[in-house]
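Colleague: Questions regarding the structure given below will be posed in turn.
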Amino acid sequence: MGLTIIGCGYLGEAVARQLQPRRPALPLTLTTTVTERHAELTDLADQLMLCDATDPAQLLAALQHKRTAVFCLAPRGNRQVNADGYRVTFVDSFRCLRSLLPDLPHLHQIIYTGSCSVYGDADGDWVDESTAPATGTEHGAVLLESERLITEMGDSKRQVCILRLAALYGPGRELDDRLKGLAGKERTGDGSFFSNWVHVHDAAGALIAAMDGAWSGVVNVVNDEPIRMRDLVDRSLKRQQLDAVHWSGGPAPVSGNGRRICNDRLKALGYRLQHPMLD
Ligand SMILES: NC(=O)c1ccc[n+]([C@@H]2O[C@H](COP(=O)([O-])OP(=O)(O)OC[C@H]3O[C@@H](n4cnc5c(N)ncnc54)[C@H](OP(=O)(O)O)[C@@H]3O)[C@@H](O)[C@H]2O)c1
């Protein structure tokens, strides 16, 4: 029984930390694909396992007798990962999970942290869970296929919830640190593109609420403040007393105006954001 978090990177580890007070009543199994991470994860877990989710024997061992599986995995490395990297991480892992389901009779809940990037560009309009996802980009197609695979695993005995996350920020991934390199620089476009964010503590909190509340279906996990890139950058640089960015016009590196992600369903399910606005 208990819960396994497959992939304990930035978010998975934040979930594990928030669940610490509930151990050992809620036994926590954490996974990593690399032995070097054992030291930092071992105290957070009742069981720490080496598991690449594309490996059937390792995934079966990590999920056997568990009630809940949380998939917080993402392609490794800081560089931009191509669509094939996404496919291996998500699609291959979920195909592997699907093949194991007959051997996992105790598994009643699957939660997957997907991405709001499936919405693509909506020219600055609001989108919610009923908005048809965008097709067109290779990455988007992989994420949608991943969602489809996970959704198809739901039935009367097994609940499936897909949390579509906005971009994560928080300790270790502070916005000011990420944006200060833009100080005084010239950027093409006008920065009117909307970005959407959620604090890592809220992403973890919503995931735990999804587990406790047996949420199913798709839920956007995003704060209350979609923000244009130029406002985000200007605000951060001002706060840090750094030179502003000069938006030089012309074609932007990211075309379109982005989209504003609606979080009404998250709130209707009872989740109260700890960080409704960017700090
Ligand atoms: N970060 C964002 O801004 C953002 C935005 C939208 C959605 N999301 C979603 O949130 C989730 C977590 O993001 P994150 O920022 O926490 O990612 P992260 O820090 O990169 O952590 C992901 C972890 O997944 C593990 N992993 C990679 N491949 C694996 C595999 N084949 N089998 C098992 N584990 C594997 C790795 O753990 P080890 O290195 O320990 O093996 C890695 O540290 C992802 O699903 C992502 O789609 C994130």
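Colleague: How many Lys pairs in the chain lie less than 26 angstrom apart by Cα atoms, where the lysines are 8 or more positions apart or on different chains?
Modeller: 4
Colleague: Sticking with this structure for a sec: When DSSP assigns beta bridges and you keep just the ones with both residues in the chain, what percent turn out antiparallel, to the nearest 5?
Modeller: Here the antiparallel bridges make up roughly 10 percent for the chain.
Colleague: Express the C-alpha Rg of the chain as a ratio against the empirical globular expectation 2.2 N^0.38 Å, rounded to two decimals.
Modeller: 1.03
Colleague: Related question: Please give the charge dipole size of segment 128-218, origin at the Cα centre, charges +1 on K and R Cβ atoms and -1 on D and E Cβ atoms. Round to the nearest 20 debye.
Modeller: I would put it at about 160 debye.
Colleague: Springs between alpha-carbon pairs under 10 angstrom, Gaussian network model over the chain: which of Gly258, Gly120, Gly249 fluctuates most?
Modeller: Between Gly258, Gly120, Gly249, it is Gly249 that shows the largest mean-square fluctuation.
Colleague: Can you give me the relative contact order of the chain as a percent, contacts being Cα pairs under 8 Å and 6 or more apart?
Modeller: So the answer I get is 19 percent.
Colleague: Along the charge dipole of the chain, Cβ charges K/R +1 and D/E -1, which of Pro27, Ala74, Pro102 sits furthest on the positive end?
Modeller: Most positive-ward Cα: Pro27.
Colleague: Same structure again: With charges only on Cβ, +1 for K and R and -1 for D and E, what is the dipole size of the chain about its Cα centre, in debye, rounded to 20?
Modeller: Its charge dipole is roughly 320 debye.
Colleague: Something else: Each residue of segment 14-24 in order: what ³J(HN,Hα) in whole Hz does its phi give by Karplus 6.51 cos²θ - 1.76 cosθ + 1.60, θ = phi - 60°, with x for Gly and Pro?
Modeller: Along segment 14-24, the couplings run 5, 5, 4, 5, 5, 8, 3, x, 8, 7, x Hz.
Colleague: I want the antiparallel fraction of DSSP beta bridges within segment 28-179, as a percent rounded to 5.
Modeller: Percentage antiparallel, nearest 5: 5.
Colleague: Using DSSP to define loop residues, name the trypsin sites (Lys or Arg not before Pro) in segment 145-184 whose beta-carbon has at most 13 other beta-carbon atoms within 10 Å.
Modeller: Here the trypsin sites (Lys or Arg not before Pro) that fit, given the DSSP loop and packing criteria, are Lys157.
Colleague: Using modelled amide H (1.01 Å from N, peptide plane; none on Pro or chain starts), what sits under 5 Å from the amide H of Val221, excluding residues fewer than 5 places away?
Modeller: Placed amide hydrogens put Arg164, Leu165, Ala166 under 5 Å from Val221.
Colleague: What relative contact order, as a whole-number percentage, does segment 178-227 give when Cα pairs under 8 Å and 6 or more residues apart are counted?
Modeller: Relative contact order, segment 178-227: 51 percent.
Colleague: Nearest 20 debye, what's the magnitude of the dipole of segment 10-160 about its Cα centre given +1 on Lys and Arg Cβ and -1 on Asp and Glu Cβ?
Modeller: The calculation lands at about 640 debye.
Colleague: When the helix-only estimate is applied to the chain (DSSP H runs of n ≥ 4, each -39,500 (n - 2.57), divided by the residue count), what is the mean residue ellipticity at 222 nm, nearest 500 deg cm²/dmol?
Modeller: Estimated from H runs of four or more residues: -8000 deg cm²/dmol.
Colleague: Below 8 Å between Cα atoms, with a sequence gap of 6+, how large is the relative contact order for segment 132-279 in percent?
Modeller: 31
Colleague: Quick one: what are the phi-derived ³J(HN,Hα) couplings along segment 132-139, Karplus 6.51/-1.76/1.60 with θ = phi - 60°, whole Hz, x for glycine and proline?
Modeller: 5, x, 7, 10, x, 8, 5, 4
Colleague: Could you work out how far helix 229-239 tilts from the main Cα principal axis of the chain, as a 0 to 90 degree angle to the nearest 10?
Modeller: Helix 229-239 sits roughly 80 degrees off the main axis of the chain.
Colleague: Follow-up. Do any GluC sites (Glu not before Pro) in segment 150-227 lie in a DSSP loop with no more than 15 other beta carbon atoms within 10 Å, and if so, which?
Modeller: Glu152, Glu174
Read-outs throughout are calculated quantities, based only on the coordinates presented, and are distinct from any laboratory measurement. Please read these numbers as outputs of a predicted model, since none were measured by experiment. Please note: Cβ atoms are built from the backbone with ideal geometry, for glycine as well, and neighbour counts cover all protein chains shown.
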